[in-house]
Amino acid sequence: MYIHPLNAWESQSEVLDFIRKNGFATLYTQVEGRPWATHLPIFLEGKPEGKFVLHGHLAKANSQWKYLAQAEEVLVVFQGPHAYISSSWYTHENVPTWNYLAVHVYGKVRLIEGEELMHHLKTLVDQYETGRPNRVQVETMTPGYLDGQIRALVGFELEITEVHASAKLSQNRDDENYEQILQQLEQSTTPGDLEVAEEMRKRRQSR
């Protein structure tokens, strides 16, 4: 993706945390020569020597899985909060724009099955069930039912080869206009606006 130099997001720890918090991602590949996208939960896992991989799974009925292992490279997009920025908030004439956070991860996929797939499913369910009442666990599911569900899935692990991260948060604005944008967003009742404002406040304070 295009990233303006001012918006380049280079903190690895922040980007990894962003991926963990925005795990419902979009997987892009080519299927029969056409772009193909699947929306699915993906989680990040640390490996020895500081390496990281992504784990996910597709329905076997989704033909995208047949092209995953053959692909030289696939793309996974993680998108976070975003907010419309009105030009009426500036002290000068300008055009409206959009603030957002997004991470693109490129990598090579291998399919997983057996114990690896089971590990993926247990980790995914545990991650999203933590803290919920009547928590569900893969381990407590009926074996016959679980086996039937697993046969309908195809798991994958993505070895990360490249990460592009953009935090477009009005970095090009002077302090007065930056503060006015913040105030407008913080008065909003839209959750995305408030989250963007929080990210902006954190970054300008850290300067």
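The values are calculated or read from the model by the stated rules, or taken from the named source; none is laboratory data. Just so we're clear, the structure is a prediction, and the values are computed from it rather than from any experiment. Backbone-built Cβ (ideal geometry, glycine too); neighbour counts: all protein chains shown.
In region 15-36, how many are in contact (Cβ under 8 Å) with a residue 40 or more places away in the chain and part of a strand (DSSP E or B)?
Qualifying residue count, region 15-36: 6.
Residue check: is PRO81 exposed (fewer than 14 other Cβ atoms within 10 Å of the Cβ) and not small (Gly, Ala, Ser)?
When the stated conditions are applied, PRO81 does not pass them.
Could you please give the count of residues in region 154-174 that are in contact with a Leu (Cβ under 8 Å, 6 or more places away or on another chain) and either surrounded by fewer than 20 Cβ atoms within 10 Å (Cβ to Cβ) or outside any strand (DSSP E or B) (or both)?
6
From the list GLU93, GLU72, GLU116, GLU49, pick out the single residue that is surrounded by 14 or more Cβ atoms within 10 Å (Cβ to Cβ), outside any strand (DSSP E or B) and of a type in the set (Asp, Glu).
Result: GLU116 is the single residue among GLU93, GLU72, GLU116, GLU49 that is surrounded by 14 or more Cβ atoms within 10 Å (Cβ to Cβ), outside any strand (DSSP E or B) and of a type in the set (Asp, Glu).
Within region 120-136, take every residue that is in a loop (DSSP other than H, G, I, E, B) and not small (Gly, Ala, Ser) and give me the one that is nearest to LEU44 (Cα to Cα).
THR130
State the number of residues belonging to region 1-11 that are assigned to a helix (DSSP H, G or I) and without any contact (Cβ under 8 Å) to a residue 24 or more places away in the chain.
1
LEU111 versus (1) in contact with a Leu (Cβ under 7 Å, 6 or more places away or on another chain); (2) hydrophobic (A, V, I, L, M, F, W, C); (3) loosely packed, with under 15 Cβ neighbours inside 10 Å: which is the lone unmet condition?
(3)
Do you know which of the residues in region 1-46 that are closer than 25 Å to ALA71 by Cβ and of a type in the set (Phe, Trp, Tyr) is surrounded by the fewest Cβ atoms within 10 Å (Cβ to Cβ)?
TYR2
Would a scan of region 143-150 turn up a residue that is at negative phi, at pLDDT 90 or above, hydrophobic (A, V, I, L, M, F, W, C) and under 22 Å from the mean Cα position of the chain (by Cα)?
Checked against the condition, which is being at negative phi, at pLDDT 90 or above, hydrophobic (A, V, I, L, M, F, W, C) and under 22 Å from the mean Cα position of the chain (by Cα), region 143-150 yields no hits at all.
Suppose we filter region 119-151 for residues that are exposed (fewer than 12 other Cβ atoms within 10 Å of the Cβ) and acidic (Asp, Glu); how many remain?
Adding up the residues that qualify gives 2.
Keeping to region 34-62, report how many residues are modelled with pLDDT under 95 and closer than 13 Å to PHE24 by Cβ.
Qualifying residue count, region 34-62: 1.
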